[in-house]
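Colleague: Attaching a single structure in structure tokens format; questions to follow.
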């Protein structure tokens, strides 16, 4: 039976032996720290709580519960999922062990509250009151909705909702506008009371509100049916977690936009719109003027472009440095660089000596021209050679530690000898399209005229405006959803009309008008390390106990582990809690102070 299935109490709480240890440590720590302070609004002493979320889900599959499982999983926030069951009722003992609360936040999804017995609801209310734990009611039906005057649901699409002043304070990561995409929302007029604060609204229709109950409990009511594929849900995810946890939780969430440009110094084949095919007779390559435009765009947007060098194209047949080669050398401080092999050979069948030469000749050219190219990072031509048994030998000889793969073929990291693979995201900005007309024609050929997958085909050819909207929206989702893997495009997309620029400009404009958090731009090796940390954290959560008491955070692990913590430090220059990776040694307790 799967975790969270009805009829079975979850076993993923916190191990009893660990909780006993935790309780002993908490008691000793509180003695050292002095008397426990009075918790604001709780009417009693501050309690200790494990840093863990509880999702109470309905017995039937539920979109709200699925959304919360998705965003907590993406952020790396430890959580349990419980479904109401009379055979295993939710009792006070299931929420506490001794002086320690098991959960720092409660999410009640859909109709789960109505499926709970009165005693279970009372146990949750008492726990929230005593420990100062916040509740999120996610797309509630029945009792909660009726009490607020909500009834039924209606579709909402293409509307820009707005955070109120209270909403901007609660969701400090967002600037204010929240575009709504194909959502269903609860309908009704919420009575305006002193204890009710509207956080998000579309015109006069409230979409999200907070309630301070008479007993001091705090509840956020989300009247939008969230979906991880929708823009509004992606925008709200980080701040929903932050509100529920009061800004302090395990796990991290960042916005990433790393752009890697392949095939620099080589020509790409070009799409023939008349024949709806790639032409063997037409090619496109950047010019020195195109490189200057790329440098200006990068500077003006504050976005670094990483260029994948194929140095065989830096010299002419007469062994003179080409104009583009000279321009790259002159502007080397304005870009990032990575090794894309010397000749861009297909490495699927090459021997180890040839592969080694392809890697080292490129590094030598870069070093001789003071181009900052990390020899430990490699992107092979067309991601070839990954199944070649001779590749690991060449990687070891050349010191390559990080190797790119195509995320459309393989997303999970793997080991190739001493190297670790890092997937890169492809796009619909095709390598052979240097003008808008070429790009749109190929897009429509793939997705309409020549489409062979009926369920995925467009009902009619897209216009440029529609393509621009849809592709920029797809890339924006990658930026928003805590994914450090880079995007890869090609030098042809910086040549001629620069097909990359209008798409990235739209992504940046949408991001910067809605989100305050800075964009992180990892290199390939930094992406690999970020993915490795995320993976190790997912695998190591069961060995960690983390809890909060007053303004102290306590971390303890059974093995050496880097633990992600959001909210330890607040940078006054930025809004929102900052994330930190904290190294914890085996069987030691690290005590940290929460700074507000």
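Colleague: Filter the range 497-521 for residues that are within 25 Å of residue 402 (Cβ to Cβ) and surrounded by fewer than 21 Cβ atoms within 10 Å (Cβ to Cβ) and give the result.
Modeller: 518, 519, 520, 521, listed by residue number.
Colleague: How do the pairs read when you match residues in the range 116-144 that are within 27 Å of residue 187 (Cα to Cα) and in the same structural domain as residue 64 (by TED's automatic domain parsing) with residues anywhere that are at pLDDT 95 or above and part of a helix (DSSP H, G or I), using Cβ under 6 Å and keeping only pairs 6 or more apart or on different chains?
Modeller: 134/244; 135/128; 136/244; 138/64; 139/64
Colleague: While we're on this one: Restricting the range 312-324 to residues that are in contact (Cβ under 8 Å) with a residue 12 or more places away in the chain and touching a strand residue (DSSP E or B) at 6+ places or on another chain (Cβ under 9 Å), which is farthest from residue 523 (Cα to Cα)? Break it down into steps so the answer makes sense when it comes.
Modeller: Looking only at the range 312-324, we keep the residues that are in contact (Cβ under 8 Å) with a residue 12 or more places away in the chain, and these are 312-314, 322-324.
Filter again for touching a strand residue (DSSP E or B) at 6+ places or on another chain (Cβ under 9 Å), leaving 313-314, 322, 324.
Numbers: 313: 23, 314: 23, 322: 27, 324: 23 Å.
Of everything passing the filter in the range 312-324, 322 is farthest from residue 523 (Cα to Cα).
Colleague: Another one. Please verify whether residue 320 is surrounded by fewer than 17 Cβ atoms within 10 Å (Cβ to Cβ) and touching a helix residue (DSSP H, G or I) at 6+ places or on another chain (Cβ under 6 Å), treating the condition exactly as stated. Can you show your working first?
Modeller: On the way: surrounded by fewer than 17 Cβ atoms within 10 Å (Cβ to Cβ): yes; touching a helix residue (DSSP H, G or I) at 6+ places or on another chain (Cβ under 6 Å): no.
Answer is no for this residue.
Colleague: Tell me, which residue of the range 291-321 that is in a loop (DSSP other than H, G, I, E, B) and closer than 26 Å to residue 364 by Cβ is nearest to the chain's Cα centre (by Cα)?
Modeller: So the first thing to find is which residues in the range 291-321 are in a loop (DSSP other than H, G, I, E, B), and the list is 302-304, 310, 316-320.
Narrowing the set further to residues that are closer than 26 Å to residue 364 by Cβ leaves 304, 310, 316-320.
On the way: 304: 19, 310: 31, 316: 43, 317: 46, 318: 48, 319: 46, 320: 45 Å.
The extreme case among them is 304.
Colleague: For the range 553-580: of the residues being at pLDDT below 90 and in contact with a strand residue (DSSP E or B) (Cβ under 6 Å, 6 or more places away or on another chain), which is farthest from residue 529 (Cα to Cα)? Even if it seems obvious, please write down each step before you answer.
Modeller: Going through the range 553-580, the residues at pLDDT below 90 turn out to be 567-580.
Pick out the ones that are also in contact with a strand residue (DSSP E or B) (Cβ under 6 Å, 6 or more places away or on another chain) and you get 568-569, 571, 577-580.
Working: 568: 22, 569: 23, 571: 24, 577: 22, 578: 19, 579: 16, 580: 15 Å.
Out of the qualifying residues, it is 571.
Per-residue answers, yes or no, for (1) assigned by TED's automatic domain parsing to the domain that holds residue 337; (2) out of contact with any helix residue (DSSP H, G or I) (no Cβ under 6 Å at 6 or more places or on another chain); (3) crowded, with 21+ Cβ neighbours inside 10 Å:
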position	(1), (2), (3)
377	yes, no, yes
386	yes, yes, no
396	yes, yes, no
401	yes, yes, no
407	yes, yes, no
415	yes, yes, no
420	yes, no, no
430	yes, no, yes
433	yes, no, yes
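Colleague: Looking only at the range 325-342, which residues are out of contact with any strand residue (DSSP E or B) (no Cβ under 8 Å at 6 or more places or on another chain), crowded, with 17+ Cβ neighbours inside 10 Å and over 24 Å from residue 522 (Cα atoms)?
Modeller: Correct list: 327 only.
Colleague: How many residues are at pLDDT below 95 and in contact with a strand residue (DSSP E or B) (Cβ under 6 Å, 6 or more places away or on another chain) when one looks only at the range 381-409?
Modeller: Residues meeting the conditions: 1.
Colleague: May I pose another question? Scan the range 80-90 residue by residue and report those that are modelled with pLDDT of 85 or more and in contact with a helix residue (DSSP H, G or I) (Cβ under 6 Å, 6 or more places away or on another chain). Step through it out loud before you land on a result.
Modeller: Pass one, the range 80-90, residues modelled with pLDDT of 85 or more: 80-83, 90.
Result: 90, single match.
Colleague: Residues 524, 494, 561: which one is crowded, with 19+ Cβ neighbours inside 10 Å, touching a residue at least 40 places away in the same chain (Cβ under 8 Å) and in contact with a helix residue (DSSP H, G or I) (Cβ under 6 Å, 6 or more places away or on another chain)?
Modeller: On the way: 524 fails: in contact with a helix residue (DSSP H, G or I) (Cβ under 6 Å, 6 or more places away or on another chain); 561 fails: touching a residue at least 40 places away in the same chain (Cβ under 8 Å).
Step by step, each of 524, 494, 561 is checked, and only 494 is crowded, with 19+ Cβ neighbours inside 10 Å, touching a residue at least 40 places away in the same chain (Cβ under 8 Å) and in contact with a helix residue (DSSP H, G or I) (Cβ under 6 Å, 6 or more places away or on another chain).
Colleague: Scan the range 122-162 residue by residue and report those that are buried (at least 21 other Cβ atoms within 10 Å of the Cβ), within 19 Å of residue 57 (Cα to Cα) and within 25 Å of the chain's Cα centre (by Cα).
Modeller: 135, 136, 137, 138, 139
Colleague: Of the numbered conditions (1) assigned to a loop (DSSP other than H, G, I, E, B); (2) within 24 Å of the chain's Cα centre (by Cα); (3) over 22 Å from residue 379 (Cα atoms), residue 505 satisfies every one except a single condition; which is it?
Modeller: Failed condition: (1).
Colleague: Picking from 497, 526, which residue would you name as being at pLDDT 95 or above and part of a loop (DSSP other than H, G, I, E, B)?
Modeller: Numbers: 526 fails: part of a loop (DSSP other than H, G, I, E, B).
None of the others qualify; the one that does is 497.
Colleague: May I pose another question? If I ask for residues that are buried (at least 22 other Cβ atoms within 10 Å of the Cβ) and outside any loop (DSSP other than H, G, I, E, B), which ones from the range 244-258 would you list?
Modeller: 244, 249, 250
Colleague: What residue, of 215, 239, is within 21 Å of the chain's Cα centre (by Cα), closer than 19 Å to residue 106 by Cβ and either assigned to a strand (DSSP E or B) or in contact (Cβ under 8 Å) with a residue 24 or more places away in the chain (or both)?
Modeller: Details: 215 fails: within 21 Å of the chain's Cα centre (by Cα).
Testing whether each residue is within 21 Å of the chain's Cα centre (by Cα), closer than 19 Å to residue 106 by Cβ and either assigned to a strand (DSSP E or B) or in contact (Cβ under 8 Å) with a residue 24 or more places away in the chain (or both) leaves just 239.
The values are calculated or read from the model by the stated rules, or taken from the named source; none is laboratory data. Because the structure is a prediction, the values reported are computed rather than measured. Positions of Cβ are backbone-derived with ideal geometry, glycine not excepted, and every protein chain shown enters the neighbour counts.
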